[in-house]
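The values are calculated or read from the model by the stated rules, or taken from the named source; none is laboratory data. Nothing here was measured: the structure is a model prediction, and the numbers come from that model. Positions of Cβ are generated from backbone atoms using ideal geometry, with glycine treated the same way; all protein chains shown enter the neighbour counts. Note: areas computed on protein heavy atoms with side chains; ligands, DNA, RNA excluded. Shrake-Rupley method; radii C 1.70, N 1.55, O 1.52, S 1.80 Å.
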Amino acid sequence: MDLGPAGFPVVEAEARVLESAPVGRRYHRLILDAPALSAASRPGQFFHLLCRDGAGNGPYLRRPMSIWRCGPGRDLGFLLHVKGRGTAALAALRAGDRLSLLGPLGQGFRLGPGWRRILIVARGVGLATLAPLTEAAAAQGVAVQAVLSAQAPEDLMAEEFAGDSGAAITAVFDSDGSGAVPAVEALLRARFQDDPPDGVFTCGSNRLFLLLQRLAAEYGIPGQIALEQQMGCGLGMCFCCVRQIRAPDGTVQNLRVCAEGPVFDLQAALAW
Amino acid sequence: MVNMAVRIGPMTLANPVMPASGTFGPELAQVFDLNRLGALVTKSVTPQYREGNPLPRLCETEAGVLNSIGIPGKGLDHFCAQAMADWRRFTPPLVVSLSADSVAAFAEAAARLAATPGVAAIEANISCPNLEEDGRAFAMHPESAAAAIAAMRAACALPIWAKLSPNTADIAAVARAVEEAGADAVVVANTILGLAIDIDRMAPKLGAGMGGFSGPAFKPIALRLVWQCAQAVRVPVIGVGGIANAEDAVEFLMAGASAVQVGTASFVSPNAMPAVLEGLEAFCERRGFARVSDLTGLALPGRLRPAAE
C-alpha cells in the first residue's frame with residue numbers, strides 16, 4: 001500500500017523500482033511499484049522525486065518529473081532526459097532500489113466534454129509529459145493526432161509516446177529540415193483547415209509553443225501547454241517556480257508552475 | 001505520556017513544533033493534518049503588493065539552499081480580507097510573519113493585524129531591509145531592531161516574536177534590545193547571507209545576486225546563535241536553522257530554545273514536522289522526561305545534566 005492516510009491527496013512515499021533502463025542516446029525509463037499512486041495520478045501531473053542513487057548520493061532538493069505512465073492497474077512510469085546530477089542519480093537506480101516520491105502534484109490536462117479529436121505537438125522529453133494524455137484520450141474515444149519533433153530519427157521515441165493508444169503520429173526532424181518552424185506551420189495549417197481538432201496540446205519547445213499558440217488563436221482552437229520550471233518544494237509554498245501567465249483581463253501575473261500549473265491555457269502562457 | 005505543551009510568553013502551545021516562515025503554507029495540508037502542529041507561521045506579509053525577485057530564486061548547495069524569493073505577496077489588505085479566511089480553518093495559533101521597510105510601517109501593520117480576528121501573534125521579520133537606514137536590515141543593529149519592536153509594541157497588544165538575523169556582529173545585544181523593547185520571544189535565526197556563482201555564465205546563480213542560506217549545513221551556526229541568545233535574555237527563544245529531524249530539535253531545546261521551527265527540511269520531506277514531533281515525544285519517553293519543556297537549556301553552561309543515562 002503506497003497511499004497515506006485517507007483525506008490527504010498528496011503522499012510522500014517510498015516505492016520500489018521495478019525497471020530502470022536507458023532509452024535511446026540520452027533518455028531513461030523508470031518504472032515503479034506504486035499502484036495506488038498510479039491510480040490516483042492524472043495525465044499532466046507530476047511527482048517530486050528525491051534523486052538519490054542506490055548508495056544514497058544525489059542533490060539536496062527533489063526534482064519535479066512529469067508522469068509518463070499512470071492509471072488504475074498500471075505501473076507508475078517516468079521517462080527522463082538524463083542531463084544533470086538529479087537525473088543521473090535517477091538513471092543509476094536499479095530494479096529493487098527504493099525511491100522517495102511526493103505526489104501526485106499539480107493540475108493536469110483537461111479534455112473538453114464532447115471532444116472527438118485532439119492534436120498534440122511535442123518535442124524532446126516533452127513527449128513524455130504528453131504520452132499519458134494519448135492514452136486517456138483513447139480511453140474516452142477521443143482520436144489523437146500527434147506531431148513529434150526530434151533532432152534526428154534515433155531520438156524520436158514514437159513507441160514511448162504512443163504506447164497502444166493508436167495515436168496517429170507525424171514525425172519531423174531537425175536533421176532533414178522537416179522540423180523547421182515554416183515546415184511545421186504548413187503541416188499544422190493543412191490539418192486545421194481540413195478538419196480542425198477540438199483541442200491542441202504542447203510541451204517541450206518554446207518555438208513550437210509560439211507557433212501553436214499563434215495558429216490556435218487564428219483558427220479559434222482551445223489549447224493547453226505543460227510548462228517546466230525549477231522547483232523548490234513542489235507544493236506551492238516557496239514561490240520559486242513562478243512563470244508569467246496572462247490573466248483573462250490581459251494583465252500578466254506570476255503563477256506557480258507547481259500549484260496553478262504545470263498545465264496552463266495555451267493562450268495565457270508567455271514565451272520563455 | 002509526555003506533556004508536550006510549551007509556554008511562549010503569554011501563549012501556551014500544544015507542542016513545540018512549528019513551521020519556519022517562508023517555507024510553509026496551507027498547501028501543506030494536502031500532505032498531513034496541520035492541526036497537529038504547535039503553531040502555524042505564515043510567509044511574511046508586507047503592507048503593499050510585492051512582485052518578488054527575478055528568477056532563479058532558489059539554488060541548492062551540498063546540504064542546504066540559497067534563496068532570494070523577495071517576499072512576493074498581495075499585501076496586507078488582501079491578507080486580512082482573503083488569506084485569513086483560508087488560515088482560520090486550522091486550529092493551532094496563527095503567527096503572522098510581518099515585514100515592512102520602516103518603523104512606522106511596522107507599527108501601522110501591527111495595529112491592523114491586531115484588529116484582524118484569528119491572528120494569535122506577530123513574528124516581526126526584522127531581517128528585511130530598512131529603507132530609513134540605507135537598506136540595512138533592522139536586525140543588524142540593536143537600536144534599529146529595538147525601534148521596530150518598540151513601535152509595534154506601542155501599536156498593538158498581540159504577542160510579538162522578534163525574528164533575529166545571523167547577519168549581525170553581536171546577536172546577544174540585539175536579543176537584549178528587542179527584549180527591552182517589549183518582544184515576547186525571539187526567533188533565532190533567519191537565513192545567513194550567502195552567494196553562489198555560475199562559472200559558465202560568470203554571474204551569481206540567483207537572479208537577485210546574494211541569498212539567504214538555510215538547511216542542514218547552517219545548523220551549527222543557528223544552534224550557536226540560540227545558545228548565545230538563551231544566555232542573554234529571559235524571554236523564550238524559538239530555535240530555527242537546519243532542523244531536519246527530532247535529534248536536531250532536541251539539540252536546539254538543550255541549547256536553550258523553548259520551541260523549534262522547521263523550514264527547508266519540509267522541501268525535502270514534507271512530513272518532516274510531524275516526524276520531528278513524534279521523535280521528540282519518543283525521545284522524552286525514552287529518557288524519562290515528563291515534559292518536553294524540561295529539555296530547554298539542559299546543555300547551557302552551569303545547568304545540571306539529566307539525572308540518569
With the crude spin-label approximation of a point 7 Å out along Cα→Cβ, what separation in nm comes out for B:Ile221 versus A:Glu154?
4.8
Can you tell me the equivalent ellipsoid semi-axes for segment B:1-155? Use √(5λ) from the Cα gyration tensor, largest first, whole Å.
25, 20, 17
Would you mind checking the pairs B:Lys163/B:Lys219; B:Lys43/B:Lys163; B:Lys74/B:Lys205 and listing those with alpha carbons more than 19 angstrom apart?
B:Lys74/B:Lys205
Pop out the ³J(HN,Hα) list for segment B:35-42 in order, Karplus 6.51 cos²θ - 1.76 cosθ + 1.60 with θ = phi - 60°, rounded to Hz; leave Gly and Pro as x.
5, 6, 7, x, 7, 10, 10, 6
Got a sec? What order do A:Glu218, B:Glu180 fall in by accessible area at 1.4 Å, biggest, i.e. largest, first?
B:Glu180, A:Glu218
Nearest-10 value in Å² for the accessible area of A:Asp249, using the 1.4 Å probe:
120
For chain A, give the share of DSSP beta bridges that are antiparallel, in percent and rounded to the nearest 5; count only bridges with both residues there.
60
Test of understanding: what is the full-extension gain from B:Ala173 to B:Arg7, defined as 0.36 nm times their sequence separation minus their Cα-Cα distance?
57.4 nm
Per residue of B:65-76, other chain Cβ atoms within 10 Å number on average 2
Charge dipole (debye, nearest 20) of chain B; +1 at Cβ of Lys and Arg, -1 at Cβ of Asp and Glu
420
Test item: A:239-251 mean partner chain Cβ contacts at 10 Å:
3
Compute the relative contact order of chain A as a whole-number percentage, counting only Cα pairs closer than 8 Å that sit 6 or more residues apart in sequence.
17
Using label points projected 7 Å from each Cα along Cα→Cβ, tell me how many nm separate A:Leu210 and A:Gln244, to one decimal.
1.3
Count charges around B:Ala196 for me, please; just the other residues with Cβ under 12 Å from its Cβ, Lys/Arg as +1, Asp/Glu as -1.
-1
Looking only at segment B:232-250, which residues have a backbone nitrogen under 18 Å from a spot 7 Å from the Cα of B:Arg287 in the C-beta direction?
B:237-240, B:243-250
Quick one: 3J(HN,Hα) in Hz for segment A:239-246, Karplus 6.51/-1.76/1.60 with θ = phi - 60°, rounded, Gly and Pro as x.
6, 8, 9, 5, 9, 7, 10, 7
For the protein assembly as shown, report the accessible area per residue in Å² (1.4 Å probe, heavy atoms, rounded to an integer).
40
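Could you tell me what percent of the accessible area of segment A:20-96 is made up of carbon and sulfur, with a 1.4 Å probe and every protein chain present?
Details: 1470 of 2860 Å².
In segment A:20-96, the share of accessible area belonging to carbon and sulfur is 51 percent.
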Percent accessible area from carbon and sulfur atoms, chain B, protein chains only, probe 1.4 Å
54
Assuming a viscosity of 1.002 mPa s and a temperature of 20 °C, what translational diffusion coefficient in µm² per second does Stokes-Einstein assign to the protein assembly as shown, Rh being the Kirkwood radius over Cα pairs?
84
Rh (Kirkwood, all Cα-Cα pairs) for chain B, Å, reads 19.3
Beta carbons within 10 angstrom, averaged per residue: use that to sort the peptides A:27-34, A:148-155, A:63-70, A:136-143, highest first.
A:63-70, A:27-34, A:148-155, A:136-143
Between B:Asp86 and A:Ala217, take the C-beta separation as r, use R0 = 41 Å, and let me know the FRET efficiency to the nearest 0.05.
0.70
Lys, Arg +1 and Asp, Glu -1 on Cβ, resulting dipole of chain A about Cα centre, debye, nearest 20:
500
Per-residue accessible area for B:Lys74 at 1.4 Å probe radius, Å² rounded to 10?
130
What does a probe at A:Gln253 reach in segment A:104-146, counting residues whose amide N is under 19 Å from the point 7 Å along Cα→Cβ?
A:106-108
What spacing in nm lies between the two simple spin-label points modelled at B:Ala120 and B:Asp294, each 7 Å away from Cα in the Cβ direction?
2.5
Given a Förster distance of 25 Å, the FRET efficiency implied by the Cβ-Cβ spacing of B:Ala104 and B:Met210, rounded to the nearest 0.05, works out to 0.40
Between A:Asp265 and A:Arg26, how high is the FRET efficiency from 1/(1 + (r/R0)^6) when r is the Cβ-Cβ distance and R₀ = 30 Å? Nearest 0.05.
0.45
Vicinal HN-Hα couplings computed from phi for segment A:115-132 (Karplus, 6.51 cos²θ - 1.76 cosθ + 1.60; Hz; Gly/Pro x)
5, 10, 8, 10, 10, 10, 10, 9, 9, x, 6, x, 5, 5, 5, 8, 4, x
Could you report the buried accessible area between A and B, both sides summed, computed with a 1.4 Å probe and given in Å² to the nearest 100?
2500
